[in-house]
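The values are calculated or read from the model by the stated rules, or taken from the named source; none is laboratory data. These numbers come from a predicted model, not from an experiment. Every residue, glycine as well, gets a Cβ built from its backbone with ideal geometry; the counts of neighbours run over all protein chains shown.
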Ligand SMILES: Nc1ncnc2c1ncn2[C@@H]1O[C@H](COP(=O)(O)OP(=O)(O)O)[C@@H](O)[C@H]1O
Ligand SMILES: [Mg+2]
């Protein structure tokens, strides 16, 4: 990544309790969440978080319930104030912002999508979608014109005059997304945005997000506790446990090389053939080899297995953007299909 | 009886107690002394060491009546100061009440009745309720209680309006601050549990009985409580995620209050207004003791002159008013929650 990150989180700590800042040194000296609660009666929200969030990417933060995901994402628009640490957005430390600066930041740079949708129950779909612009003081006509466009974009044309309770969960969340897009902010924060939806609707919404993302290239911070969802969406994956980052990086690499048992528990049961891409397990080009075909780097291992007809010796050339970038043998793919802790050491 | 003499003797306060009191031994003291000699001091007849009893043993201690006189003196002492502040502040209430009562009785009945029926229809959009209002008013008019009923309605109207005007802002600040809530809640409990007559006593000290604000304040102090409570509750009950969304999109606290919190608290506030109306009605009857006009005066006449019929008819008139006020405000309340979003809740 040559470009500077859109958001940098540096040494962020968040502790809930009566005297949180006095607890930071204790946590730094190794007091863990359970001990802090028992001995000091403070809740450890986040400890020593460092993340670079790049523009135009989807950064997914994953962890079990209570691991601090919501706390972390709410720091980015300061719905929660940090105990210590810095958060740089476009190079500016927002932890030092005044209330007025924050209002400006939230109006222009950040939008948010909520797990329970967070729609205004007393306003129509159109008014809800227009909210970010109305808050900024735009005229109702102008705000509603833009809101209408985004509602159409997320497939809600014709529902403008309805009220939220008249819509299904999936449609309500489309309103939530339209509202976030209407704000025209670069950064979109999504806290378990799809977790309340049925699996099928959920997949539709993921597709919608990916499709919008291809075109709009927002900086998305997406929270989930579901690895399948994380792997579908993530460019960068961050795994939280008890307020601590246990692993972060390229999602494929995390699946292939989980850092510890906690991460391994997450990745053990996924369908690796569907998740792992050829690009992640290919080898260097070797001019001496003859190939029995080309395969796209984006393709998953399932495709490779199908293409090779099950012959483990077949070699394929990996192509990305028209260029050959590596080679892959079905054998490599089969090895990658084994969960980490089942793989023999070599 | 001086059952506790020994205590003061023991504490070495005898000299101080008798000082100055020696000359003025009252008859009752003497009688008490004699009584003591006859009865002896049985533990069974030991009186509770109240102020009055202790005073018999040591005349330097105050009696309970001295204490209540003290309160009266304190009140009289503070009276002019309080009056100079409260008088101008509350004067508009007198004007409003007098004005409203004047208008309510000056408008001819053939204009007033249709206007009230139209208003109730406007608020409720229910023909049934409008018809109920019309019938009730016709009955009241038929037994010559229309003017009194109009006066009562005018007082309730002004007092409810003032309660909302004062109560909603108090409810808002209460919802915003847990500390204020902890401070105000016991005051509201006090206002609601004080016997309704007790309101009148300090007010009579402060204002003259001929001033309308006297009963106005008594009614408002009693009836404002539900508006405050339910505004506080209504704002606190707004879905926290909706509040979070309001903040996340950069609403200022003021925008959040006006665009989100108050609209979503409206059904609860309206429920408070309904209760306030009913409590005003209850209080306006009692307030006729201090010259509030209306149906209450007729009830009072029934009591004072033992005119049973007058009291009963006026009482039934009050019941009619209560029914139409309650039905109208409840139906209006349902209409404020009419988006369904309030009554049916969010779907997940
Ligand atoms: N306002 C708060 N006061 C005290 N503890 C809190 C508060 N908010 C969150 N926590 C605690 O911080 C931890 C992380 O919570 P949260 O960020 O909501 O987790 P997640 O979103 O991953 O489920 C939990 O242990 C939770 O109890
Ligand atoms: Mg959460």
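Regarding residue B:233, is this residue at negative phi, more than 14 Å from chain A (Cβ to nearest Cβ) and surrounded by fewer than 19 Cβ atoms within 10 Å (Cβ to Cβ)? Break it down into steps so the answer makes sense when it comes.
Details: at negative phi: yes; more than 14 Å from chain A (Cβ to nearest Cβ): yes; surrounded by fewer than 19 Cβ atoms within 10 Å (Cβ to Cβ): yes.
Answer is yes for this residue.
Could you figure out which of (1) without any contact (Cβ under 8 Å) to a residue 60 or more places away in the chain; (2) within 16 Å of ligand 2 (Cβ to nearest atom); (3) in contact with a strand residue (DSSP E or B) (Cβ under 7 Å, 6 or more places away or on another chain) isn't true of residue A:61?
In the conditions (1) without any contact (Cβ under 8 Å) to a residue 60 or more places away in the chain; (2) within 16 Å of ligand 2 (Cβ to nearest atom); (3) in contact with a strand residue (DSSP E or B) (Cβ under 7 Å, 6 or more places away or on another chain), residue A:61 misses (1) alone.
If I ask for residues that are surrounded by fewer than 17 Cβ atoms within 10 Å (Cβ to Cβ) and assigned to a helix (DSSP H, G or I), which ones from segment A:207-227 would you list?
A:207, A:210, A:211, A:214, A:215, A:216
Quick check on residue A:84: is it near ligand 1 (Cβ under 8 Å from one of its atoms) and either farther than 18 Å from residue A:6 by Cβ or at pLDDT 95 or above (or both)?
Values: near ligand 1 (Cβ under 8 Å from one of its atoms): no; either farther than 18 Å from residue A:6 by Cβ or at pLDDT 95 or above (or both): yes.
The answer is no for residue A:84.
Does residue B:272 qualify as being surrounded by fewer than 22 Cβ atoms within 10 Å (Cβ to Cβ) and more than 14 Å from chain A (Cβ to nearest Cβ)?
It is false that residue B:272 is surrounded by fewer than 22 Cβ atoms within 10 Å (Cβ to Cβ) and more than 14 Å from chain A (Cβ to nearest Cβ).
Report yes if residue A:252 is over 29 Å from residue A:32 (Cβ atoms), modelled with pLDDT under 95 and either more than 16 Å from ligand 1 (Cβ to nearest atom) or within 14 Å of chain B (Cβ to nearest Cβ) (or both), otherwise no.
Numbers: over 29 Å from residue A:32 (Cβ atoms): yes; modelled with pLDDT under 95: yes; either more than 16 Å from ligand 1 (Cβ to nearest atom) or within 14 Å of chain B (Cβ to nearest Cβ) (or both): yes.
Answer is yes for this residue.
Residues in segment A:178-187: is at least one in the same structural domain as residue A:222 (by TED's automatic domain parsing), within 16 Å of ligand 2 (Cβ to nearest atom) and touching a strand residue (DSSP E or B) at 6+ places or on another chain (Cβ under 9 Å)? Spell out the reasoning first.
So in segment A:178-187, the residues in the same structural domain as residue A:222 (by TED's automatic domain parsing) come out as A:178-187.
Narrowing the set further to residues that are within 16 Å of ligand 2 (Cβ to nearest atom) leaves none.
Checked against the condition, which is being in the same structural domain as residue A:222 (by TED's automatic domain parsing), within 16 Å of ligand 2 (Cβ to nearest atom) and touching a strand residue (DSSP E or B) at 6+ places or on another chain (Cβ under 9 Å), segment A:178-187 yields no hits at all.
Could you please tell me which pairs satisfy a Cβ distance under 8 Å, a separation of 6+ or placement on different chains, a first residue in segment A:30-55 that is within 14 Å of chain B (Cβ to nearest Cβ) and under 30 Å from residue A:91 (Cβ atoms), and a second residue that is within 16 Å of ligand 2 (Cβ to nearest atom) and not in a loop (DSSP other than H, G, I, E, B)?
Nothing qualifies.
Please state which of the following conditions residue A:98 fails to meet, knowing it meets all the rest: (1) touching a helix residue (DSSP H, G or I) at 6+ places or on another chain (Cβ under 9 Å); (2) more than 16 Å from ligand 1 (Cβ to nearest atom); (3) within 14 Å of chain B (Cβ to nearest Cβ).
Every listed condition holds for residue A:98 apart from (1).
Of the conditions (1) assigned by TED's automatic domain parsing to the domain that holds residue A:244; (2) within 16 Å of ligand 2 (Cβ to nearest atom), residue A:43 fails just one. Which one is it?
Exception for residue A:43: condition (1).
With the condition kept exactly as written, say whether any residue in segment A:201-222 is closer than 19 Å to residue A:51 by Cβ, within 16 Å of ligand 1 (Cβ to nearest atom) and within 14 Å of chain B (Cβ to nearest Cβ).
yes
Every residue, every condition in (1) within 24 Å of residue B:258 (Cα to Cα); (2) within 13 Å of chain B (Cβ to nearest Cβ), yes or no:
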site	(1), (2)
A:126	yes, no
A:137	yes, yes
A:152	no, no
A:164	yes, yes
A:168	no, yes
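For residue B:334, work out the one condition from (1) touching a helix residue (DSSP H, G or I) at 6+ places or on another chain (Cβ under 6 Å); (2) modelled with pLDDT under 95 it doesn't fulfil.
(1)
Looking at (1) surrounded by 14 or more Cβ atoms within 10 Å (Cβ to Cβ); (2) within 26 Å of residue A:262 (Cα to Cα); (3) out of contact with any helix residue (DSSP H, G or I) (no Cβ under 7 Å at 6 or more places or on another chain); (4) not assigned by TED's automatic domain parsing to the domain that holds residue A:220, which is the only condition residue A:35 fails?
(1)
Return the total of residues in segment B:256-266 being touching a helix residue (DSSP H, G or I) at 6+ places or on another chain (Cβ under 6 Å) and either more than 10 Å from chain A (Cβ to nearest Cβ) or surrounded by fewer than 22 Cβ atoms within 10 Å (Cβ to Cβ) (or both).
4
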